[in-house]
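> Below is one structure. I have some questions about it.
What follows draws every value from the coordinates through simple rules; no lab data is involved. Please read these numbers as outputs of a predicted model, since none were measured by experiment. Virtual Cβ from ideal backbone geometry, glycine too; neighbours counted across all protein chains shown.
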Amino acid sequence: MTPDVSALRSIAQTYFDAAYEMDAEKFASLFHPSSSVTRIGDDGNVSVTPIATWLAAVRNIPAPKDQGFERDDRILSIDVEKELAVLKVTLLVPPRVFTDMLSCLKVHGTWKIVQKVMTSS
């Protein structure tokens, strides 16, 4: 395993921990401050939310851990090209299962999530 893949696996694990604990500060440590979250909104249009706004919403979501739910998260793929990487992950935040594509850039030697594109079922 390359050092980059190892670092990206670590990001994914922290991401899963943050989701299970619904820990906005843990999430914030992974995201570049200029990042955003993109999804299809309830109206069927593309919705882009600045990371600070998304983190504020996270603070009001009950943690699956506190509700006694089991974890179900995994890395589906990691693709690295120089200073660019894409993590494809799936995780359970009841009642939904999310699939997230996390675009990452190596900024000053450290991998940061710069864009989260998500869907759920």
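> Just to be sure I follow the definition: excluding the sites themselves, where is the longest run in the chain that has none of the GluC sites (Glu not before Pro) in a DSSP loop with at most 15 other Cβ atoms within 10 Å?
Looking at the chain, 1-69 is the longest stretch - no exposed GluC sites (Glu not before Pro) with at most 15 other Cβ atoms within 10 Å.
> Right, another one. Report, ordered by chain and residue number, the aspartates and glutamates lying within cross-link reach of Lys65, taken as a straight Cα distance under 19 Å and ignoring same-chain residues fewer than 8 apart.
Lys65 reaches Asp17, Glu21, Asp23, Glu25, Asp73.
> Could you give me the percent of Cα pairs per 10 Å distance bin for the stretch 3-120, shortest bin first, beginning at zero and ending with the bin that holds the maximum distance?
Pair shares across the bins are 14, 48, 33, 6, 0.
> Now a separate question. If I fit a long axis through the Cα atoms of helix 3-21 and take the longest principal axis of the Cα atoms of the chain, what angle between them do I get, 0 to 90°, rounded to 10?
Tilt relative to the chain: about 10 degrees.
> Oh, and also: Could you pull out every one of the lysines with an alpha carbon less than 20 Å from that of Lys88, ignoring same-chain neighbours closer than 8 positions?
Cross-link targets: Lys26, Lys106, Lys112, Lys116.
> With both partners inside the stretch 3-121, how many of the DSSP beta bridges are antiparallel, as a percent to the nearest 5?
Around 90 percent antiparallel, to the nearest 5.
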